Amino acid sequence: MSSLTVAKKEFQDAIRSRWLIGLTVVFVVFAGGFTLALPSLLGLLLGPTVDTATTGVLLTAMGGSTTLLIPLIGLVVGYKSIVGERDSGSLKLLLGLPHTRRDVVIGKLVGRSAVVAVSTLIGFVVAAVVGVAVYSSFEVGTFLTYTVLAMVLGVVFIAIATGFSAGVRSTTWALLGAGGLYLLFQFVWGLIPTVVRYVINGFSLPSLAQPPNWQLFFSLLNPQTAFTSAAAAVIPSISGIATALDSPPIYLQNWFGFVVLAAWIVVPIALGYLRFNGTDL
């Protein structure tokens, strides 16, 4: 119950500071605007007589922006969650109440995840209403499934940021750690296997036509790629890593993306808590 008390306080603080309202506006503009603009954009590109604005096309078009925006928001919301209170001195007051350090870490994760999840849900529900009104055929169930996965992606990056926030002593290090990991996932991760293969291949560029399974698995370990694979497991119109493989091994099947996402929630929080629990304030 103590963790829930901390989580409730986090959510109430977000309401008072208008974080919840601001994030909701961002998601309404993003998801609602994307949904509203896509038919017109496709009409300009393909002609007004071609009705190509389907739910599948919308989710495919939104995919890249979703994996760019939601992780960034998750990191911004989470990176000061614990270390910010340590810097201000309020963490000692919080721990002076009947809360353990574990209660604080879990409560911060749950409370800030709820803020991003509620904002995401409202924004995407608005987008679903727009889709039903504008599209000739709109699969509400499929879109809401994608919405839930987007909420999970937000939790993943809040967990990463909260883990850093618990494990370091300054907001600067928390920001550098979480931000550096985001840049790694966004721009560098996919290049690492290619560089390794380039070196192994005698400093000669290897064939990129069919990457080996280990390279695909390394790609799947990126939570943004895991999100896409998890989405492909439950939404047929989305392509994941296993889509182009005839008989993928278990660790490359699309459903394995859920395992990777779960690991990215549990491991950073566990490591951050262990570090936090073993240090003096």
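If you sort 239, 113 by accessible surface, 1.4 Å probe, largest first, the order is 239, 113. Computed FRET efficiency, Cβ-Cβ of residue 243 and residue 270, R0 35 Å: what is it to the nearest 0.05? Here the calculated transfer efficiency is 0.65.
The residues packed around residue 74, meaning those with a beta-carbon under 15 Å from its beta-carbon, carry a net charge of +2 if Lys and Arg are +1 and Asp and Glu are -1. Ranked by the mean number of other Cβ atoms within 10 Å of their residues, highest first, the peptides 216-227, 123-134 fall in the order 216-227, 123-134.
The calculated 222 nm mean residue ellipticity attributable to helices in the chain amounts to -23500 deg cm²/dmol, summing -39500 (n - 2.57) over DSSP H runs of n ≥ 4 and dividing by all residues.
Going through (1) 13; (2) 35; (3) 21, the figure that equals percent of Cα pairs over 37 Å apart as computed for the structure here is (3).
Projecting label points 7 angstrom from Cα along Cα→Cβ for residue 99 and residue 204 puts them 6.0 nm apart.
Cross-link reach is defined here as a Cα-Cα straight distance under 13 Å, omitting same-chain residues fewer than 8 places apart; for residue 9 the aspartates and glutamates meeting it are 103.
Normalised per residue, the accessible area of region 156-243 is 47 Å², obtained with a 1.4 Å probe and no contribution from ligands, DNA or RNA. Charge dipole (Cα centre; +1 on Lys/Arg Cβ, -1 on Asp/Glu Cβ; no other charges) of the chain amounts to roughly 860 debye. Across the chain, Cα pairs under 8 Å and at least six residues apart give a relative contact order of 25 percent. Any chance you could check the Cα centroid distance between region 196-267 and region 107-131 for me, in angstrom? Taking the Cα centre of each part, region 196-267 and region 107-131 sit 27 Å apart.
At R0 = 45 Å, how high is the FRET efficiency between residue 45 and residue 92 if r is their beta carbon distance? Nearest 0.05 is fine. Here the calculated transfer efficiency is 0.20. Here residue 173 and residue 134 are evaluated by their C-beta separation; at R0 = 45 Å the FRET efficiency comes out at 0.45.
Count Lys and Arg as plus one, Asp and Glu as minus one, and take only other residues whose Cβ is under 12 Å from that of residue 170; the net charge is then +2.
The values are calculated or read from the model by the stated rules, or taken from the named source; none is laboratory data. Treat the numbers as computed from the prediction; the structure is a model and nothing was measured. Note that each Cβ is placed from the backbone with ideal geometry, even for glycine, and that neighbours are counted across all protein chains shown. Calculation scope for accessible area: heavy atoms of the full protein, side chains included, ligands and nucleic acids excluded. Shrake-Rupley method; radii C 1.70, N 1.55, O 1.52, S 1.80 Å.
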